[in-house]
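Undergrad: Next up is a structure, given as structure tokens.
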Amino acid sequence: MAVADRRPSVAPRIPFWRNVNTIGILAQVVFVAVILFGVVVLVTNTLNALGRANLPADFSWLGSRAGIPIAETPIPYTPNDPYWRALLIGFLNTLKIAGIGVVLASLIGIAVGVMRLASNWLVRSIATVYIELLRNIPLAVQIVFWYTAVLLPIPPRINNPVELPGGVYLSNVGLAFPFLYPTYRFGAWIPFLVVAVAAVVIGVLWRRRLARRSERPVRVWPLPLLAAVAIAGGGYYVASLDRTLPDGLAIDFTIDRGRGVVYRDVDGDGVRGPRDPVMPFASTIVRIAEAELTASTQNITESGGVVRSTFRFPMILGRDVEQAVVAFGDPDEAAERGLEIHFTRFPSRGVVFVDRDGDGAFTPGEEIDPATLTGFGGVRLVMTVFGYERHIVADRDGQVRTPAFSPSGTVRSAEVAPAENPFSVFGAAAATATRDDVVPLVADVELRPAGPLVLSRVHVPVSSYEGGMRLTVNYLALLLALVIYTSAFIGEIVRGGIQAVAKGQREAALALGLSASQTFSLVVFPQALRIVLPPVISQYLNLTKNSSLAPLAGYGELFVIATIVQNQTGASVPVALLLIASYLFISFAFAFVLNIVNDRLALVER
Amino acid sequence: MFEVIPPRPAPGGVAGVGGWIRRNLFSSPANTLLTVVTGVFVVYVGLSVVLWALFDASWGQVWANQRLFAVYRYPADLLWRPMAVLAAMMALIGVMGGAGRRNEILRGLFWSLVAFVAFVTVIALLFWPSVRVLWAGVLAASLVGYAVGVARPSFVRGLPWAWVAWLFLGFFLLYGVTPGSGLLRIVPARDWGGFMLTLILFTGIVPSFPLGIALALGRRSKLPAIKYVCTGFIEIVRGAPLIMWLFVASLLLPLFLNTDPNNLPAILRAYVAITLFSAAYMAENVRGGLQAVPRGQTEAARALGLGGWQTTSLIVLPQALRAVIPAIVGQAIGLFKDTSLVFIVGLADFFRVTEIVANQPASLQVTGGVKLELYLYVALIYFFFAYRMSIASRQLEKQLGVGTR
Amino acid sequence: MSNVTPAPVRADAPAGGQAIITIEGLNKWFGDFHVLRDINLSVNQGEVVVVIGPSGSGKSTLIRCINHLEEHQEGRIVVDGTELTDDVRNIDLVRRETGMVFQSFNLFPHLTVLENITLAPIRVRKWKRTQAEERARFFLDKVGIPEQALKYPGQLSGGQQQRVAIARALTMGPKVMLFDEPTSALDPEVIGEVLEVMVALAQEGMTMIVVTHEMGFAREVGDRVIFMDAGQIVEVGSPEHFFLAPREARTKAFLSKIL
């Protein structure tokens, strides 16, 4: 059009406070001026206050030594590390609880949501009660409930943990379970993994194209996934073929303390120097021909009840030894008192009792000494193990730990010669190994080649877990509370989503002759997903933000660490800024994902 | 010849109680099995909880510390002050309930609260001589308020101002005016706590309401400077959890005002944080409502000659707010639960008192501890109020849904 | 109309009358899209102008420019001696003097019928409540629904709602009434009751600009009909001219579809 390039004419002589074009600008100028004035006042005040109180206002303290002990560290950390690393640990711990929590909350939430729609009234009601109860009680109350009222008092103590199937241990310290860790050979496997991922991508694209052209429905995912598993599996085998150990791999093992460190002898001097790096997750075998452990019986209070006359050796399992013999440290005295041993878990756990009813076996009540009406406390027991052999996977810090054995026969020799310190059995074998019948403590520690991954099993020395994946009770309490709380919200969203798919949709699909399962998977589910996904993602964000209630469970995530750091350094403003920035980062990451999801869903809609 | 076939009763299994049971519990063998298994589970759990609560649990500490739970260390001889504030609150709610008595949601909410007050009054009459009269007074005030609301429904128009007045006067009454002793002596904020503090913090939603509306309008403004400042505030505040803001506010507010931290009571800092946090969420809720008002409404108002502010305040906002009442109630539930986070700034709210009671020597002497009992009690009280609100929210949603169709 | 002569069609009011609306060289863009192109239109006091045209032709935008619901970029719009400029006061003045009726009624759902009608008189004209209500009832009576005063819009039928909307606009005492497809959203059986009100209004001498497809209405009370297409005025004439001998091919094509 010929008129398109004309410029708009500006009407003259309108006072600026009445001109639509200038009113807005005027309002903004005033607004910004007020805001700026406020900000300037606050900043000046803050700077004055900081100057007066002599508090740090910059980030230079981030590099100094933190000295904060943290129980759970996804990456190596010691209190000697600087503040930034402590904060990083906190951030990673936040991700650790959020990542696992999101998965578990989704699973439980979907189950609860589906239960809410069950045809069985009882099931439906249970789900309703679950949702209403959990949504309407503050999360803080729930965390403290799980932590101080359930997980701390109810599970047994760490020195007598419950062993669940699959080598999982539960106690008041937390949960530990076998876990696969990457070894030094993991690098050899990576190319295969890359190829496997590429295979999935290419395979899916190819199958999709096929599906579009094909006359019949084509399953897109199974074949590429199968191929990927095959490639990864084959790669694992190939990577495991090389059975050589890395150059200079060595272990520095102190037999009488039962611990060692796997390291790489870089300088080649055969001794572990400060420059030699530790080697995590190395697979070792510790063999000891014959050795001894001692323990004393105790009367202890546990889970609200008193347990009497129990003895606890470091947890030694049947598979660890060829033979184990437990005898009284003072057989004569034991015989005199009529004491006998009953194993609750051979050979490490049991009670000492007197067979008063003469049935040749332990009967509850017999562990109480009728003379004192308490248990037989302080009875010394000796376990002699023969052919001890245990696979131990070094920890993340290269540590290999095994029970602290003493030379076989020491205890009796100590009895014979009480003048020599009887407690020297720990760590001072030579001092007592004077008699002929003492078998010297010799350990054969072998470093074994490993595949790309190694299964680290849980051991329980006396009062801690070793190996495997260990989750503290703090983590578990927070996780449990977050998962259960969020699952109630997700359950309600899932129910709403499925119900929101119009009844007509189901009826139409059934009328077309689709089966009930086809109706759900092809018609209802895709539509429900579109409704459910956005609010569920915002629940994931809520879960992540709610993990900041960690102080109630004593779990060291970002917020907890930040409060400690602030307390130590007094750097209020920098810590506040770091916290805000971190949470904004998390929120924006979720918003980013949500946007992608929304875009994809919008495409589906067209 | 045509003859009307008389209706016959449905065969068994379709109608009646028996039919319902069959359809919902025993429709198929698998369903029957499910019913039996879950039934056994429910009975087992229910029975063990009841048996535990009746025989094994020790509720003595819960009972003995009711005053701590209610007002924490607020002086016993001044209890009439918080009770007067509570009475005024109940009276105002009564006016609302009475004036809107045809609205079953409002009415139901009011009578639930009255039932709660009546329950406590009965207990007070039986066991707590010192607060007998006070509780009876609160109950009376609620009923008087209701009667006033019934008689003079037009009083509702003044309610927003009445609530603001209640907020300020209530604060001064709780805090007191004169130093030293006497009926109106000052009670330092560090002695406030318990459920009273939970309610005080919950009132943070009142100032957050106008703030949230302003932020929402700002975010929808055509003027970029206003829009970006408001959007930035909203998103930053919503991006981080409340507990962090409580912590940050307690650190930074004294710095912002360049004053000694002791001059700013922890309650005030927590209140500011809760109000601003709640305002950001309120803004998003209100924005949702604003988006739901059709453009034609604004155009019609402008075409009639109404100005920008008039259009917003008379036409757009009333419609927007009505649409988001359920969301605002939902937010109120969230805030009610979230007041429990003020433990992070050292306040002894209802939740935190539990920990204090649990660590009393008397609690530690009880075999097996009393934490389970204490937390169940606290959970129950929170649940009562939150669940009642969520029922109201659901009813509102239903009512609005019917109204628009 | 020829493609090489961009000279715009002028829709000037008949000489002799007193022009109340004058639009000169009006151009408007939505972003890059040129919606109104060189519109020249004037309307005399008491005249009824009917604007027809296919959807997207800019006819609604045109009358929305007249009360500045849409901002124009070029040209002059003068309503009752007040030019619509960037001056906020002028915009308010013009809006007070023009009433508008929308396709989707746009009644305020949270107010009763009476409150809908009295809102603007009380708030803008600063009338007393009793005076405003009296006028409101007068116009409700006039549009034939005096008994609905205390109901909410949601309780009324579409035809009743539109009549309330007309009463609402009239109560302000406007000099010009703008109708933006007032019957398009109505069920066929209630269109008549709204048209009746509009016809009565026209016969009383109200200045009206009506965007509509109701050719019966145009024939009965229309003084002039304007056909718009692609943001331009294509043809201007009396209703009879349009029904008997439209000049332009586009006009013919359009009329053949709607008649």
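The values are calculated or read from the model by the stated rules, or taken from the named source; none is laboratory data. None of the values given here were measured: they were computed from a predicted structure. Every residue, glycine among them, receives a Cβ derived from its backbone with ideal geometry; neighbour counts consider all protein chains shown. Please note that ligands, DNA and RNA were not included when accessible areas were found on the heavy atoms of the full protein model with its side chains. Shrake-Rupley method; radii C 1.70, N 1.55, O 1.52, S 1.80 Å.
Undergrad: Against the definition (closer than 23 Å to A:ASP81 by Cβ, more than 12 Å from chain B (Cβ to nearest Cβ) and either open to solvent by less than 50 Å² (accessible area, probe 1.4 Å) or touching a Gly at 6+ places or on another chain (Cβ under 6 Å) (or both)), how does A:ILE498 come out, yes or no? First the steps, then the outcome.
TA: Details: closer than 23 Å to A:ASP81 by Cβ: no; more than 12 Å from chain B (Cβ to nearest Cβ): yes; either open to solvent by less than 50 Å² (accessible area, probe 1.4 Å) or touching a Gly at 6+ places or on another chain (Cβ under 6 Å) (or both): yes.
Answer is no for this residue.
Undergrad: Can you name every one of the strands (runs of 3 or more DSSP E) wholly within the range A:435-492 that holds 1 or more residues which are touching a Lys or Arg at 6+ places or on another chain (Cβ under 8 Å) and at pLDDT below 90? Walk me through it before giving the result.
TA: Details: elements: A:443-448, A:453-456, A:469-472.
Answer list for the range A:435-492: A:443-448.
Undergrad: What about C:LYS151, is it over 23 Å from C:ILE23 (Cα atoms), open to solvent by 10 Å² or more (accessible area, probe 1.4 Å) and of a type in the set (Lys, Arg)?
TA: Against the criterion (over 23 Å from C:ILE23 (Cα atoms), open to solvent by 10 Å² or more (accessible area, probe 1.4 Å) and of a type in the set (Lys, Arg)), C:LYS151 qualifies.
Undergrad: Tally up the residues in the range B:334-364 that are in a loop (DSSP other than H, G, I, E, B) and either more than 20 Å from the chain's Cα centre (by Cα) or of a type in the set (Lys, Arg) (or both), please.
TA: Of the residues in the range B:334-364, the ones in a loop (DSSP other than H, G, I, E, B) are B:346-348, B:359-360.
When the remaining residues are screened for being either more than 20 Å from the chain's Cα centre (by Cα) or of a type in the set (Lys, Arg) (or both), the result is B:346, B:359-360.
Total meeting the criteria: 3.
Undergrad: Considering only residues that are more than 17 Å from B:PHE277 (Cα to Cα) and either more than 9 Å from chain A (Cβ to nearest Cβ) or assigned to a helix (DSSP H, G or I) (or both), which ones fall in the range B:249-259?
TA: Taking the range B:249-259 and keeping what is more than 17 Å from B:PHE277 (Cα to Cα), we get B:254-259.
Selection gives B:PRO254, B:LEU255, B:PHE256.
Undergrad: Looking only at the range B:101-108, decide whether some residue is surrounded by 18 or more Cβ atoms within 10 Å (Cβ to Cβ), assigned to a helix (DSSP H, G or I) and at pLDDT 90 or above. Before you say what the answer is, go through the steps one by one.
TA: As a first pass, look at the range B:101-108 and keep what is surrounded by 18 or more Cβ atoms within 10 Å (Cβ to Cβ): B:105-106.
Checking the rest, the ones that are also assigned to a helix (DSSP H, G or I) come to B:105-106.
Next, only the ones that are at pLDDT 90 or above stay: none.
Within the range B:101-108, not a single residue is surrounded by 18 or more Cβ atoms within 10 Å (Cβ to Cβ), assigned to a helix (DSSP H, G or I) and at pLDDT 90 or above.
Undergrad: How many residues, within the range B:236-248, are of a type in the set (A, V, I, L, M, F, W, C) and more than 7 Å from chain A (Cβ to nearest Cβ)? Spell out the reasoning first.
TA: Step one: of the range B:236-248, the residues of a type in the set (A, V, I, L, M, F, W, C) are B:236-237, B:240, B:242-248.
In the following step, the residues that additionally are more than 7 Å from chain A (Cβ to nearest Cβ) were identified as B:237, B:242, B:245-246.
Final tally of qualifying residues: 4.
Undergrad: If you don't mind, there's one more thing I want to ask. Would you be able to tell me the number of residues in the range B:299-315 that are hydrophobic (A, V, I, L, M, F, W, C) and more than 10 Å from chain C (Cβ to nearest Cβ)?
TA: Counting residues in the range B:299-315 that are hydrophobic (A, V, I, L, M, F, W, C) and more than 10 Å from chain C (Cβ to nearest Cβ) gives 1.
Undergrad: Can we say B:ARG185 is touching a strand residue (DSSP E or B) at 6+ places or on another chain (Cβ under 6 Å) and in contact (Cβ under 8 Å) with a residue 40 or more places away in the chain?
TA: Against the criterion (touching a strand residue (DSSP E or B) at 6+ places or on another chain (Cβ under 6 Å) and in contact (Cβ under 8 Å) with a residue 40 or more places away in the chain), B:ARG185 qualifies.
Undergrad: Which of the residues that make up the range B:358-375 are more than 8 Å from chain A (Cβ to nearest Cβ), surrounded by fewer than 22 Cβ atoms within 10 Å (Cβ to Cβ) and of a type outside the set (Gly, Ala, Ser)?
TA: Across the range B:358-375, the qualifying residues are B:ASN359, B:GLN360, B:PRO361, B:LEU364, B:GLN365, B:VAL366.
Table: residues versus (1) hydrophobic (A, V, I, L, M, F, W, C); (2) open to solvent by 80 Å² or more (accessible area, probe 1.4 Å).
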{"position": "A:VAL220", "(1), (2)": "yes, no"}
{"position": "A:LEU223", "(1), (2)": "yes, yes"}
{"position": "A:ALA228", "(1), (2)": "yes, no"}
{"position": "A:ASP247", "(1), (2)": "no, yes"}
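Undergrad: Now, a different point. If you take the residues of the range A:552-604 that are closer than 25 Å to B:GLU355 by Cα and among the small types (Gly, Ala, Ser), which of them is farthest from the chain's Cα centre (by Cα)?
TA: Among residues in the range A:552-604 that are closer than 25 Å to B:GLU355 by Cα and among the small types (Gly, Ala, Ser), the one farthest from the chain's Cα centre (by Cα) is A:ALA562.
Undergrad: Also, I was wondering about something else. What are the residues in the range B:202-222 that are over 15 Å from B:GLU235 (Cα atoms), among the small types (Gly, Ala, Ser) and crowded, with 20+ Cβ neighbours inside 10 Å, if any?
TA: Passing the criteria: B:GLY204, B:SER208.
Undergrad: Identify, by number, the condition in (1) facing another protein chain (nearest Cβ under 7 Å); (2) open to solvent by less than 30 Å² (accessible area, probe 1.4 Å); (3) closer than 30 Å to B:ILE391 by Cβ that B:PHE336 doesn't meet.
TA: Failing condition for B:PHE336: (1).
Undergrad: Identify all residues within the range A:142-199 that are open to solvent by 60 Å² or more (accessible area, probe 1.4 Å) and among the basic types (Lys, Arg); write none if there are none.
TA: A:ARG157
Undergrad: Could I ask something else about it? Hey, among A:GLN539, A:GLN499, which residue is modelled with pLDDT under 90 and within 20 Å of A:ILE131 (Cα to Cα)?
TA: On the way: A:GLN539 fails: modelled with pLDDT under 90.
Among A:GLN539, A:GLN499, only A:GLN499 is modelled with pLDDT under 90 and within 20 Å of A:ILE131 (Cα to Cα).
Undergrad: Can you tell me which residues in the range A:396-413 are open to solvent by less than 20 Å² (accessible area, probe 1.4 Å), closer than 30 Å to A:THR78 by Cβ and touching a Leu at 6+ places or on another chain (Cβ under 9 Å)? Show your work before the answer.
TA: Step one: of the range A:396-413, the residues open to solvent by less than 20 Å² (accessible area, probe 1.4 Å) are A:398, A:400, A:402-403, A:405-411, A:413.
With closer than 30 Å to A:THR78 by Cβ added as a condition, the list becomes A:398, A:400, A:402-403, A:405.
Selection gives A:PRO403, A:PHE405.
Undergrad: Please go through the range B:1-26 and pick out each residue that is open to solvent by less than 100 Å² (accessible area, probe 1.4 Å), modelled with pLDDT of 80 or more and among the β-branched types (Val, Ile, Thr).
TA: Scanning the range B:1-26 gives a single hit, B:ILE21.
Undergrad: Restricting attention to the range A:364-395, which residues are assigned to a loop (DSSP other than H, G, I, E, B) and open to solvent by less than 40 Å² (accessible area, probe 1.4 Å)? Outline the logic, then answer.
TA: Initial filter on the range A:364-395 (assigned to a loop (DSSP other than H, G, I, E, B)): A:364-367, A:369-374, A:376-379, A:394-395.
Passing the criteria: A:GLY365, A:GLU366, A:GLU367, A:ASP369, A:PHE376, A:VAL379, A:ALA394, A:ASP395.
Undergrad: Looking only at strands (runs of 3 or more DSSP E) that lie completely in the range C:30-128, which have at least 3 residues being of a type in the set (Val, Ile, Thr)?
TA: Details: elements: C:33-44, C:48-52, C:74-79, C:98-101.
Here the list reads C:33-44, C:48-52, C:74-79.
Undergrad: Just for the range A:549-572: of the residues that are surrounded by fewer than 23 Cβ atoms within 10 Å (Cβ to Cβ) and within 11 Å of chain B (Cβ to nearest Cβ), which one is farthest from A:GLY90 (Cα to Cα)? Can you show your working first?
TA: Narrowing the range A:549-572 to residues surrounded by fewer than 23 Cβ atoms within 10 Å (Cβ to Cβ): A:551, A:554, A:563-564, A:566-570.
Cutting the leftovers down to within 11 Å of chain B (Cβ to nearest Cβ) gives us A:551, A:563, A:566-567, A:570.
On the way: A:PRO551: 12, A:THR563: 11, A:GLN566: 14, A:ASN567: 15, A:GLY570: 18 Å.
Of everything passing the filter in the range A:549-572, A:GLY570 is farthest from A:GLY90 (Cα to Cα).
Undergrad: Another question, if that's okay. Assuming B:LYS398 fulfils every condition listed in (1) of a type in the set (Lys, Arg); (2) more than 14 Å from chain C (Cβ to nearest Cβ); (3) crowded, with 17+ Cβ neighbours inside 10 Å apart from one, which condition is it?
TA: For B:LYS398, the exception is condition (3).
Undergrad: Something else: Name every residue in the range A:14-56 that is at the interface with another protein chain (Cβ under 9 Å from one of its Cβ atoms) and part of a loop (DSSP other than H, G, I, E, B), in order of residue number.
TA: Correct list: A:ILE14, A:PRO15, A:LEU55.
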